[in-house]
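One structure below.
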Amino acid sequence: MSTMEVKQPRQVARRFLARPQHEGAGAVVRRSIGRFELRYFDPFLVLDEFSASAPSGFPDHPHRGFETVTYMLEGAVTHEDFEGHRGTIKAGDVQWMTAGRGIVHSEMPAGPGTSKGLQLWVNLASKNKMVEPGYQEFQSKDIASTTSADGDVTVRVIAGEAMGARSPVRTRTPTMYLDFTVRPHATAPVRQPVPASWNAFVYVLEGEGVFGPTADQPAGAHHLLLLGQGGDGVEVWNRSDKPLRFVLVAGEPIGEPVAQLGPFVMNTEEEIDATVNDFEYFINGFEKAKHWKSQAMIALELEYVG
Ligand code: FJE
Ligand code: FE
């Protein structure tokens, strides 16, 4: 258990149900952050709970100015980028990708069945937007996990630290990302410290939980709960008769202006115009996009031609 105590839990400030929408090529996402009503929750740009099966997915597309964090829940996703980086992440694995000055890649479901997961876009401060792109990839077995002494709570630590377990991920924007599973009828709440100045949210994956100190309505799957300021942590109850699984994510706000055009996120419109130009003319980080196409895209085209 953490030695830090939670004396004043945060309240739930806003609550959203993420409904399915189409994205990419035939894929479905439940977008909670990044939708019209919630453009940005500093430093978080997008939270998608995605679901796709072959041949649908997210074929060749660019990114600049932020990081994508893909956390697999079921099935697998194969990614390929224009530098020749290629790999498959499976249930429980994490890919923390720094797009920085530029990545062009494809992300496609692999194998039979449906692939599901969460993709979070974490903004970068202006000083980090044009860093070299890079990856941190961890298999499920290498992700720190710990269970409370009474067996009620298990946490997998994607980023940051919880219940004495620590993630090896280096986050350029200070971020906490925890995957909690809580037993039915748990006798005590989960109490997790979160730095007071950070923005924090919960996204429910399965079951039902009460998040906050009051007798709130329980929140179920696909709900995003934004936690208010003015507390030193989060308190969660599972009083239901099913397991509760949710992620708790928090980050230090960057506090800079955001100019966004789809997968390009900069600080000003001028920087966005420059980025569109860089991508169109294959310069300033997009050189390798000129002669590159993913294997997934080539296979799709062959299928189309018949
Ligand atoms: C993207 C449309 C997209 N959510 N969740 C436009 F679909 C995407 C995109 C994704 C994505 C990929 C995975 Cl593996 C999971 C996702 C959106 O690739 F980046 C833009 N700009
Ligand atoms: Fe992508």
Close pairs from region 67-89: first at positive phi and more than 14 Å from ligand 2 (Cβ to nearest atom), partner outside any strand (DSSP E or B) and of a type in the set (Gly, Ala, Ser), Cβ under 9 Å, at least 6 apart
GLY75/SER53; GLY75/ALA91; GLY75/ALA110; GLY75/GLY111; GLY75/GLY113
Exactly one condition in (1) among the hydrophobic types (A, V, I, L, M, F, W, C); (2) over 27 Å from GLY134 (Cβ atoms); (3) touching a strand residue (DSSP E or B) at 6+ places or on another chain (Cβ under 6 Å) is not met by ALA259; state its number.
(2)
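Give me the residue from region 140-177 that is of a type in the set (S, T, N, Q) and part of a strand (DSSP E or B) and, out of that set, surrounded by the most Cβ atoms within 10 Å (Cβ to Cβ).
First pass over region 140-177, keeping only residues of a type in the set (S, T, N, Q): 140, 145-148, 154, 167, 171, 173, 175.
With the extra rule that they be part of a strand (DSSP E or B), the set shrinks to 145-147, 154, 175.
Numbers: SER145: 16, THR146: 15, THR147: 14, THR154: 17, THR175: 23.
So the residue we want is THR175.
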Would you mind finding the one in ALA299, ALA250 that is of a type in the set (A, V, I, L, M), over 24 Å from the mean Cα position of the chain (by Cα) and at negative phi?
ALA299
What's the number of the condition PHE180 fails, among (1) crowded, with 16+ Cβ neighbours inside 10 Å; (2) free of Cβ contacts under 8 Å to residues at least 24 places away in the same chain; (3) more than 30 Å from VAL258 (Cα to Cα)?
(2)
Identity of the residue in region 21-49, within 10 Å of ligand 1 (Cβ to nearest atom) and of a type in the set (Asp, Glu), that ends up nearest to SER197 (Cα to Cα):
ASP48
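Give ALA18, ALA52, ALA13 a once-over and let me know the one that is more than 10 Å from ligand 1 (Cβ to nearest atom), more than 17 Å from GLY251 (Cβ to Cβ) and either under 16 Å from the mean Cα position of the chain (by Cα) or touching a residue at least 60 places away in the same chain (Cβ under 8 Å) (or both).
Result: ALA18 is the single residue among ALA18, ALA52, ALA13 that is more than 10 Å from ligand 1 (Cβ to nearest atom), more than 17 Å from GLY251 (Cβ to Cβ) and either under 16 Å from the mean Cα position of the chain (by Cα) or touching a residue at least 60 places away in the same chain (Cβ under 8 Å) (or both).
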A careful count of residues in region 20-42 that are within 15 Å of VAL202 (Cα to Cα) and buried (at least 20 other Cβ atoms within 10 Å of the Cβ) gives 5
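Quick check on this structure: which one of ALA91, ALA99 is farther than 25 Å from PHE286 by Cβ and hydrophobic (A, V, I, L, M, F, W, C)?
Details: ALA99 fails: farther than 25 Å from PHE286 by Cβ.
Matching residue, one of ALA91, ALA99: ALA91.
Looking at LEU17, LEU45, which one is under 15 Å from VAL265 (Cα atoms) and either surrounded by fewer than 17 Cβ atoms within 10 Å (Cβ to Cβ) or touching a Gly at 6+ places or on another chain (Cβ under 7 Å) (or both)? Before you say what the answer is, go through the steps one by one.
Values: LEU17 fails: under 15 Å from VAL265 (Cα atoms).
None of the other options fit; the residue is LEU45.
If I ask for residues that are of a type in the set (Ser, Thr, Tyr), outside any strand (DSSP E or B) and within 23 Å of PHE44 (Cα to Cα), which ones from region 189-223 would you list?
Within region 189-223, the first condition is being of a type in the set (Ser, Thr, Tyr), and the residues that meet it are 197, 203, 214.
Still in the running and outside any strand (DSSP E or B): 197, 214.
Across region 189-223, the qualifying residue is only SER197.
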Just to verify a result, which residue in region 38-66, among those that are hydrophobic (A, V, I, L, M, F, W, C) and more than 15 Å from ligand 2 (Cβ to nearest atom), is modelled with the lowest pLDDT?
ALA54
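Can you work out which of the residues in region 60-90 that are in contact with an Asp or Glu (Cβ under 6 Å, 6 or more places away or on another chain) and of a type in the set (A, V, I, L, M) is surrounded by the fewest Cβ atoms within 10 Å (Cβ to Cβ)? Walk me through how you get there before you give the answer.
Of the residues in region 60-90, the ones in contact with an Asp or Glu (Cβ under 6 Å, 6 or more places away or on another chain) are 72, 77, 79, 86.
The next check asks that each one be of a type in the set (A, V, I, L, M); those that pass are 72, 77.
Working: MET72: 22, VAL77: 26.
Of everything passing the filter in region 60-90, MET72 is surrounded by the fewest Cβ atoms within 10 Å (Cβ to Cβ).
Every residue, every condition in (1) more than 20 Å from SER126 (Cα to Cα); (2) in contact (Cβ under 8 Å) with a residue 24 or more places away in the chain; (3) surrounded by fewer than 15 Cβ atoms within 10 Å (Cβ to Cβ), yes or no:
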residue: GLN217; (1), (2), (3): yes, no, yes
residue: GLY220; (1), (2), (3): yes, no, no
residue: VAL247; (1), (2), (3): yes, yes, no
residue: VAL258; (1), (2), (3): no, yes, no
residue: VAL265; (1), (2), (3): no, yes, no
residue: ILE283; (1), (2), (3): no, no, yes
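Among the listed residues THR275, THR268, which satisfies the condition of being β-branched (Val, Ile, Thr) and in contact with a Lys or Arg (Cβ under 6 Å, 6 or more places away or on another chain)? I'd like the intermediate steps shown before the answer.
On the way: THR268 fails: in contact with a Lys or Arg (Cβ under 6 Å, 6 or more places away or on another chain).
Selected residue: THR275, the only one of THR275, THR268 that is β-branched (Val, Ile, Thr) and in contact with a Lys or Arg (Cβ under 6 Å, 6 or more places away or on another chain).
The values are calculated or read from the model by the stated rules, or taken from the named source; none is laboratory data. Quick caveat, the model's predicted, so the values are computed rather than measured. Cβ sites come from the backbone with ideal geometry, for glycine too, and all protein chains shown count toward neighbours.
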